[in-house]
Amino acid sequence: MLMKCSLCILTIICSATLTLMAKKTEAQLLEKKISLRTEKMPLYQVLAEIEHTAGISLSYAVSQELLDSKVSVHARNRKVSDILDRVLSPLSLVYLVADDKVIIRHGDLPAADSAILAEAQVMVLKQLKGQVRSEKGDPLPGVSVRVKDSNLATVTNERGEFELDNVPDDAVLVVSFIGFVSQEITTGSQTELSVVLLEDTKKLGEIVVIGYGTQQKASLTSAVATVKGAAIAERPVPNVVNALQGQVPGLFVQQTDAMPGAGSTKLNIRGISTLSNNPVLVLVDGVAGQLSTLNPQDIDNISVLKDASATAIYGARASGGVLLVTTKKGRKNSKPVLSYDAYAGTQQPTYLPRLVDAVSFMRKWNESQLNDNPDATPRFSEANIEKYASGELPSTDWIGTIFKENALQMQHNISVSGGSKNIDYLVSLGYLRQEGLVNGVLNQRYSSRIHVNTQITDNLKFGINTVYMNAPRNMAGAGIYTTAMHWAYILNPTEWPYTPAGRNRHYRGGSQPVAIINDGGFEHYKDNYFNTNMTLEYGIAKNLSLKGQYAYTSRDIRHKIFRATYRLYDDEENLVLTDQSPNSLNDDQSTEVNQTFIATLNYGLQVKQHDIKALAGFSQESLEYESLGAGRKDFLNNSIHVIDGGAADKDQWSTSGGAYEWAIRSFFGRLNYSFKDRYLLEASARYDGSSRFRNKRWGFFPSFSAGWRLSEEHFLKYSGVISNLKLRASYGKVGNQNATGLYPWASIIGTGATYLNDRAQTTTFYNNTPNPDLTWEEKTTGNIGVDAGFLDDKISFTADVFREKTTGILLTPSVPSTFGRAAPVMNLGRMRNWGWEISAGYQNRDHLLKYGVQLNFYDARNKILDLGGTPDVLGTNPVMVGQPRWTWYGYKALGLYTSDDDVKNSATYKPQNKAGDIKYQDQNGDGQITPADRVILGDADPHLMLGLAGNFSYRQFDLNFLVQGVLKNKTYLTGYAVSPFNYGGTFTEDLLDSWTPDNKDARYPLMRQDLSVNYEFSDWWLYDSKYLRLKNLQLGYTLPQNLLQRLKISQLRLYVMLENVLTLKSGNFPESFDPEIDNWQSGVNFPQLKTYTLGLNLKF
């Protein structure tokens, strides 16, 4: 009985198992995934394709009319059941599975419409994959991706990737993420998507870096502007400061010389407010640094602090404004991202002096001789001139002999960044290579950065950011500015560089530029920079944290210059001159060490609608500098470049050395209060003590600011037009410790030598008059500003007006000669500075074509209020009460004398004056032109500066441009730039427009050998140097994601970029020179560069 029962149970179990297995087989029959694509194919053929591809058996009892219906199927990796549903449903057909067969028959629905029978278009569900990234190319995890009007949705993984099944071909995808602008994307036939989300700054709340912290832009009450790192990284400018030009209202940048690795650039924020020196304070990750040491690819953003409310927390060094540079770091909870960014291009001069040819030079020389003395015998005979005109003798363009037509520049940067739950990291390596336009000039930079932050415990965080830079710079020819370039700009075109045998050719007087470049030695610089910046942050309580920061910076520079002996020959190959004899070597080294310690305590409290934030801090900074140099002459040959290889004679030796140090200790704090995120108050202060002062060492620098967000008031909050409106005002005081030397309070002992009995005896003397009561210059600043946004912030507008007053400006008073020494420096002067700034923009990102423009426009003026009783200092740039710090003072030109009678009937100036010379105005009417007739001729500072930036993007393409300019400026040029025959040399083609009886409307006066006649300073020599320049034009293309996924590439962008390719300038300005050239320049400088670049951005 037991056996029978067991057998029955076993039978039931087996039957049930077989039944379940059979049902599973039937289900599996239609679960198989296949791919199928047909275009207007008869139904019976489509069913046959499905049968063959899926390996199933189909049978059907369907009318021939339906079997002949045209069907289109687009299916990729879809289930058989899904395909059958989509194919059969429009034809009112159904299917069922029986005995491993799929049977197709008419459904219970009415017969299909004849139009449907004629043709059925089947839109099959598909699988959709993709990746979502930010504008910077970073993957975005946690992004919501859903099909519009359905429940089909997912979120992106840590790599920003997503995958959706059963997506219709006509689906609209909605991609959204907090802090970003949502997008709706019509997928069409695409199965892979690459989505870029743009930051919604209104919702995200743009974060701005300020002194010792960050703050939401909406709650700022001070004048702060931000430049994103992306606007800097791809610009082909080796020095970051030049990439800032035109980017920020109030930040003035002027590149006056483009020497690779050592060009000269003026930088100020909101103009000039002192008679002394108040440089912009640059802080990199919170520590004093230099923009020249930065790899542009490492920068995340730069904040420009402009008013006292923003800068007072930096106290004694903030008078000139502050630049806060924040470098990049990794992202927590993200997989490693490998980035490679590179560009390569060619450089050309924007302008290069155009020198006259030999024939023009010779004729103008003869003409100038006769202008000075009609009885003179011309230097160049017609027969000699004809030899050059016919080509029998060469006409040499000496600038062309040492300048290249193109110079190469390239940069490569590779970085790896990422992070886990508790660690984020970034490792960066960079290389820059920039050739100079002058032969033999090469600038390089090797840079590395390691930035790691780790959450050690829940309330303890440690970070370290270490940088190393090695920047070698080489120049062929010793002292290239004062030798090779100097002579190339003036050497006669009637001379040539080589003898018939190819030797360096001699000419009368001066040095030979080609020989200097090729055989005159070298000048080498080695610049090694190291910085490590460590932070330790401890969370004491929920809203209370303590942060410590220590930074160590060292910079070692070695400058080695070797002046090689070289020989010059005549055309008969006779040795004429051995130049730079004896040869010599100078080897100088300097070391600078800067140490900084900062401790801050941060507290935050939010009670209902009240938000309070407080900061208290302490800092100590010190700098030590030491230099040592040695030199020798008369080396055995030009191949020995070590000091010991020089002469044993000590008279051929030289040594030098020096050292200095300074320190500053500070206490600072800030308090922020916000009510309803609508009414904003801020107070900050710093108490500084500097080693530069003695009795008045400590200074207190407070500031206050307030803001009112009108757009948060009920009467504007729901406005459809005004999306943001904030009024703000600030007042504060900052100091200037850089106005004086390091030890003005101490008696400085100088040393010298006197000879007794042919032996040198060391002498000592007081080198200054100390002032132990000297103290800071103090600048008080008031600022009123408005920030506005319209139409959901598509339109933005910011305006500021400011007024500054600097007191205690350092001056040296007049003392009687009986005092016996120079007067001490004292806090005597007062000066005012004022100005305005406007920034307006429009950004449209609602359409496939996205575009935006941003205009900034600004100006600043200044006036000297008091010189403390010291007399005005007259000169070309005088220091006068009631006038700007930099102004022009000289003769007022009335034009050129039109005839000799015009000379006789005008105020007398010089006895050799004649028609064509400059005619000056007799201001006091005494009938003579004397220094008493000099007057103020205008402001010497540039005014009305602007920048215009634009961006466009369409699908994979992007276009960006930047226009920068100065609309009002007067520039004074001297020497070779305006006068002929300096050192008996040539001149530019501009000077061909000189006065002659047939050219009385000439720009330049009568051409003379006697340069004492027309070159007294007057407004005749002030050139209108306003300009507009296309600083940057960039066109990029980002490859579609579906092309890159197979290669495991997350982003590949290719771009072409033009820099400084177009400049519009006044017709009054010389054609040979760039309008950014500095005042008092003769033109012997490295010209501005226009570059043509190809680049790529690659991410894995």
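The values are calculated or read from the model by the stated rules, or taken from the named source; none is laboratory data. Model, not experiment: these values are computed from the prediction. When we count neighbours, we look across all protein chains shown, and the Cβ atoms used for this are built from the backbone with ideal geometry, even at glycine.
Residues of segment 874-902 that are over 27 Å from residue 831 (Cα atoms), among the hydrophobic types (A, V, I, L, M, F, W, C) and buried (at least 18 other Cβ atoms within 10 Å of the Cβ): 893, 896.
Among helices (runs of 4 or more DSSP H) entirely within segment 1-89, having at least 3 residues that are modelled with pLDDT of 75 or more and surrounded by fewer than 15 Cβ atoms within 10 Å (Cβ to Cβ) singles out 43-54. When 404, 328 are checked against the criterion of being in contact with a His (Cβ under 8 Å, 6 or more places away or on another chain) and crowded, with 16+ Cβ neighbours inside 10 Å, 328 stands alone in meeting it. Inside segment 147-166, residues that are free of Cβ contacts under 8 Å to residues at least 60 places away in the same chain, surrounded by fewer than 18 Cβ atoms within 10 Å (Cβ to Cβ) and more than 38 Å from the chain's Cα centre (by Cα) make up a count of 8. The set of residues in segment 636-666 that are over 28 Å from residue 317 (Cβ atoms), of a type in the set (A, V, I, L, M, F, W, C) and touching a strand residue (DSSP E or B) at 6+ places or on another chain (Cβ under 7 Å) comprises 643, 647, 653.
Just need a number here: residues in segment 640-678 that are of a type in the set (Gly, Ala, Ser) and either touching a helix residue (DSSP H, G or I) at 6+ places or on another chain (Cβ under 9 Å) or surrounded by fewer than 13 Cβ atoms within 10 Å (Cβ to Cβ) (or both). Residues meeting the conditions: 9.
When 781, 764 are checked against the criterion of being modelled with pLDDT of 90 or more, hydroxyl-bearing (Ser, Thr, Tyr) and part of a strand (DSSP E or B), 781 stands alone in meeting it. Restricted to segment 965-1083, the set of strands (runs of 3 or more DSSP E) holding at least 2 residues that are under 30 Å from residue 345 (Cβ atoms) and without any contact (Cβ under 8 Å) to a residue 40 or more places away in the chain comprises 1051-1065. Each residue in segment 351-379 was checked for being of a type in the set (Phe, Trp, Tyr) and either free of Cβ contacts under 8 Å to residues at least 24 places away in the same chain or surrounded by fewer than 16 Cβ atoms within 10 Å (Cβ to Cβ) (or both), and 0 pass.
As for segment 817-829, it holds no residue that is farther than 21 Å from residue 269 by Cα, touching a helix residue (DSSP H, G or I) at 6+ places or on another chain (Cβ under 9 Å) and not assigned by TED's automatic domain parsing to the domain that holds residue 252.
So, in segment 525-580, exactly how many residues are hydrophobic (A, V, I, L, M, F, W, C), within 30 Å of residue 640 (Cβ to Cβ) and buried (at least 18 other Cβ atoms within 10 Å of the Cβ)? So the answer is 4. Out of 681, 636, one residue alone is surrounded by fewer than 17 Cβ atoms within 10 Å (Cβ to Cβ) and either outside any loop (DSSP other than H, G, I, E, B) or touching a residue at least 40 places away in the same chain (Cβ under 8 Å) (or both). It is 681.
Condition check ((1) in contact with a Gly (Cβ under 8 Å, 6 or more places away or on another chain); (2) surrounded by 22 or more Cβ atoms within 10 Å (Cβ to Cβ)) across all residues:
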position: 214; (1), (2): no, no
position: 222; (1), (2): no, yes
position: 235; (1), (2): no, yes
position: 245; (1), (2): yes, yes
position: 260; (1), (2): yes, yes
position: 268; (1), (2): yes, no
position: 277; (1), (2): no, no
position: 283; (1), (2): yes, no
position: 300; (1), (2): yes, no
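When the residues of segment 344-365 are filtered to those that are modelled with pLDDT of 95 or more and among the aromatic types (Phe, Trp, Tyr), the one that is nearest to residue 1074 (Cα to Cα) is 361. Can you find, within segment 224-233, the residue that is surrounded by the most Cβ atoms within 10 Å (Cβ to Cβ) among those that are under 29 Å from residue 433 (Cβ atoms) and among the aliphatic types (A, V, I, L, M)? Out of the qualifying residues, it is 232. Only residues that are within 18 Å of residue 734 (Cα to Cα) and aromatic (Phe, Trp, Tyr) were counted across segment 670-689, and they come to 1.
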